[in-house]
Amino acid sequence: MMRDAIDLNFLLRDLREIGVQFEAKYMMADQYIIPNSTDVALLDCQEAFAGLTEKEKLYAHHLAQASFKGGLIVLFQTSPESPGIFVLLQKLFKSQCPEEISALALSNGFSEEDVKAFLMYAAAFYCNMGNYKSFGDTKFIPNVEKEKVERLIKSSKAFQENSALLQKLWDSVKERMYSLENGHAELGLGDKGVTTYFSANCTETDAKIAQEFMTSKDISPYNTRLFKTKDPESGLDVYEVRMAAVESTKSEVPGYANGSVLGDYEFTPKDQEKVVKFKVTRGDYSALMGLVVEELENAKEHAANDNEKNMFVEYIKSFTTGSLPAHKDGSRFWIKNKGPIVETYIGFIESYRDPYGVRGEFEGFVAVVNKKMSAKFAQLVDNAEHLLAHLPWPAEYEKDTFLRPDFTSLDVLGFGGSGIPAGINIPNYDDIRQIEGFKNVSLGNVLTSGYKDSKITFLVEEDKVLYTKYKIPSFEIQVGLHELLGHGSGKLFNEDSEGKLNFDAATVTNPVTNDKVASWYKPGETWDSKFSTIASSYEECRAECVGIYLCLLSDVLKIFGHADDTADDIIYVNWLNMVRAGLLALEFYSPQTGSWRQAHMNARFVILRVLLEAGQSLVTVKKIVGEDGKPDLVIQLDRAKIISVGKPAIATFLRKLQVYKSTADVEAARKMYNFYSDVNDQEEPKFLHLRSIVLDRKQPRKLFVQQHTYIENGKVQLKTYEPSASTLIQSFVDRFPSTDIQDMICALLEKERPYF
């Protein structure tokens, strides 16, 4: 039996490798390029910006600068080649504008389509702040031959100005820029893909050891990376936990119980006798962190109140010293800053792209309040306690007191990072969210600009009509419920350092097993550290379920102005959008690694599986022949059964999601979530087979061009752009005109090379 099992494992490995090669060779046009037909949308903030005072405009400008400059850190969090590609593109388009580069390309053997493809690659690179899609973590490569791109670079004005540097940059990135081999096709840890949150020699075992060590020292991983080397004398593994900070000296880091948290340690992981060495350092991204601090100092001078000033004091302390506790303190002041006209948040925030699920990607935004839409969200907050009572878990599993958050609709002025979401619930520190509060934001101009479908797939014609009409208004409701009552709901059962529980273990029962609660979060454990690799997707699934569950309430629909005959259509389209998204999610599953590349899409596939399991033909997926003669799919939802079949199915599933989260029952949670996440051909519908059809008909995700602020004669000006790949490129040239930043990136890149 053992021999058979080993042979089967080898067979599965070989099949996966064949799958990688097949997909790389024969499906490249769909999977690893950005199509020339990709839409570019303007993230328009002109009207909102015009309504600001001069002081508010200066405040917003410096925050936009901090966000965009901090966003450059994402280059170093994405792939080894991303920083070099960025500098190469900046030098190319700084010396010659996109139109001049286009003309030069045509004179060097490019076709018109080649020119469009090169510009689209550059635009997508800037939008994703790297050469992997922020939504899906798949690599994209230029749809132009390497030799043509090299010829273009060598004939450029930038090359003439500094041939040695341009040649060095090109030589350092050209192979990895085009490579789809050896795990380069997607992000992941170890043999599953590429990551720069860890040095190239790290595995998931190393990630677990590091997490165990950091938990034991009460060090948050949010602003760290892990680098593994060997001690030349002892031969022991040496793990460097490197904190992001301006300072690199070995001195106190504010906020930690042991102020001298920096230093060398010996550590023996659980269930191991082997000692490993750790050293905790700081100074990661030092030069770029310095740029962020400089802009935050400038913004502080134009702050509207003491909460904003104190917030910046703590953020500056955090980014200067590497102190995560200081960032948490800054977030506390941010929560208290109710109803600002100009809203912002910045730091190492979301952990979606860390393969282990605990390290944050740098993100910063500044946005202006949309008062009309914010009024609806304020009503939602006013009704939150009433609505929370409808969620399908016992009252003991809800927070003791609902901490009324700010919930505003914002028009984004500047968003620095790898991608722009439609809504955000922050901060992500559970100890703050559980006890002190949080904020919700809906990004209105992202919703209106980015969520209009140019082509609707996999729906029957009558559903397409309703979908077109009601997708955005239904999605506004879903975003509101998802952020406020999804991420904002649910209690975590925990034990403090003195052994005190925050729930009554004698009376609270587990509604899934009907037994007493047997597990909870121990001191030093958090949601992210405990659930690690499934935490992000699991939490997004819980929030999505809350959204479709509570949108059935008439009270919710009235808040958003849907009290008439449109209410049923809004509900139907919201549920229809969810099941269709579950089918579209197959694009983000990797058969070769058996893993999901995008947390939200994994969550939506899970929900589709739950609704299919409910039976009674609530949801059906049919394979058909399309109008073009190719295989096609149709997904249908029986709207008459949403209440009778869909609602109880989601209620049962949602209750389990919350109970396992509340009680820190990782084993039960993983077993359930992995079951629904599994993509296979063992039963109908055969999703692994259907995936090829989904890939064949997928629509490219929109790219956003953002407006640019600059100071002229002491006043802030706003530069806007027509939406196109060329203008998107130009916006980044305008945003980073100084070669000093390019030099900083090159210097940081040289320090990184030994680890990747």
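The values are calculated or read from the model by the stated rules, or taken from the named source; none is laboratory data. Keep in mind the model is a prediction, meaning the values are calculated, not measured. Because the Cβ atoms are built from the backbone with ideal geometry, glycine has one as well, and the counts that use them run over all protein chains shown.
Quick look at the values:
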quantity	calculated
Residue in the stretch 413-423 that is within 18 Å of ALA375 (Cα to Cα), of a type outside the set (Ser, Thr, Tyr) and either modelled with pLDDT under 95 or touching a His at 6+ places or on another chain (Cβ under 7 Å) (or both) present	yes
Boolean, THR249 is in a helix (DSSP H, G or I) and at pLDDT below 95	no
Every residue from the stretch 302-336 that is outside any helix (DSSP H, G or I) and more than 18 Å from ASN223 (Cβ to Cβ)	HIS302, ALA303, ALA304, ASN305
Extreme residue, farthest from the chain's Cα centre (by Cα), among residues of the stretch 125-146 that are part of a helix (DSSP H, G or I) and either free of Cβ contacts under 8 Å to residues at least 24 places away in the same chain or closer than 16 Å to ALA185 by Cα (or both)	PHE125
Options TYR132, TYR222; residue that is buried (at least 23 other Cβ atoms within 10 Å of the Cβ) and outside the structural domain of PRO35 (by TED's automatic domain parsing)	TYR222
Selected residue (only one of LYS469, LYS439, LYS464, LYS452 is within 30 Å of LEU703 (Cα to Cα) and buried (at least 20 other Cβ atoms within 10 Å of the Cβ))	LYS439
Filter pass, ALA581 being outside any loop (DSSP other than H, G, I, E, B) and under 28 Å from ASP678 (Cβ atoms)	yes
Verdict on ILE456 being assigned to a helix (DSSP H, G or I) and hydrophobic (A, V, I, L, M, F, W, C)	no
Hits in the stretch 147-199 (condition: closer than 20 Å to ILE33 by Cα, without any contact (Cβ under 8 Å) to a residue 40 or more places away in the chain and assigned to a helix (DSSP H, G or I))	GLU147, VAL149, GLU150, LYS174, GLU175, TYR178
Selected residue (only one of ALA257, ALA299 is assigned to a loop (DSSP other than H, G, I, E, B), aliphatic (A, V, I, L, M) and not assigned by TED's automatic domain parsing to the domain that holds SER497)	ALA257
Residues satisfying the stated conditions in the stretch 708-746, i.e. out of contact with any Asp or Glu (no Cβ under 8 Å at 6 or more places or on another chain), crowded, with 18+ Cβ neighbours inside 10 Å and of a type in the set (Val, Ile, Thr)	THR709, ILE729, VAL733, ILE741, ILE745
Residue within the stretch 490-506 that is part of a helix (DSSP H, G or I), within 25 Å of SER216 (Cα to Cα) and under 27 Å from the mean Cα position of the chain (by Cα) present	no
Of residues in the stretch 28-63 being surrounded by 14 or more Cβ atoms within 10 Å (Cβ to Cβ) and among the hydroxyl-bearing types (Ser, Thr, Tyr), the one farthest from GLU145 (Cα to Cα)	TYR59
Residues being among the hydroxyl-bearing types (Ser, Thr, Tyr) and either in a strand (DSSP E or B) or in contact (Cβ under 8 Å) with a residue 40 or more places away in the chain (or both) - total across the stretch 260-272	1
Filtered residue count, the stretch 490-503, keeping only those that are in contact (Cβ under 8 Å) with a residue 24 or more places away in the chain and loosely packed, with under 15 Cβ neighbours inside 10 Å	2
Residue that is closer than 22 Å to ASP740 by Cα and basic (Lys, Arg), where the choices are LYS154, LYS94, LYS148, LYS55	LYS94
Extreme residue, farthest from GLU56 (Cα to Cα), among residues of the stretch 310-340 that are in contact with a helix residue (DSSP H, G or I) (Cβ under 6 Å, 6 or more places away or on another chain) and basic (Lys, Arg)	LYS317
Pairs, first over 18 Å from ASP681 (Cβ atoms) in the stretch 612-631, second assigned to a loop (DSSP other than H, G, I, E, B), C-beta under 7 Å, six or more apart	SER617/ASP638; LEU618/ASP638
Subset of the stretch 350-367 (residues that are among the acidic types (Asp, Glu), part of a strand (DSSP E or B) and surrounded by 23 or more Cβ atoms within 10 Å (Cβ to Cβ))	GLU361, GLU363
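One line per residue, one yes/no per condition, for (1) in contact with a Gly (Cβ under 7 Å, 6 or more places away or on another chain); (2) surrounded by 19 or more Cβ atoms within 10 Å (Cβ to Cβ); (3) among the hydrophobic types (A, V, I, L, M, F, W, C); (4) farther than 30 Å from SER134 by Cα:
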{"residue": "LYS641", "(1), (2), (3), (4)": "no, no, no, yes"}
{"residue": "TYR660", "(1), (2), (3), (4)": "no, yes, no, no"}
{"residue": "THR663", "(1), (2), (3), (4)": "no, yes, no, yes"}
{"residue": "ARG670", "(1), (2), (3), (4)": "no, no, no, no"}
{"residue": "ASN680", "(1), (2), (3), (4)": "no, no, no, no"}
{"residue": "PHE687", "(1), (2), (3), (4)": "no, yes, yes, no"}
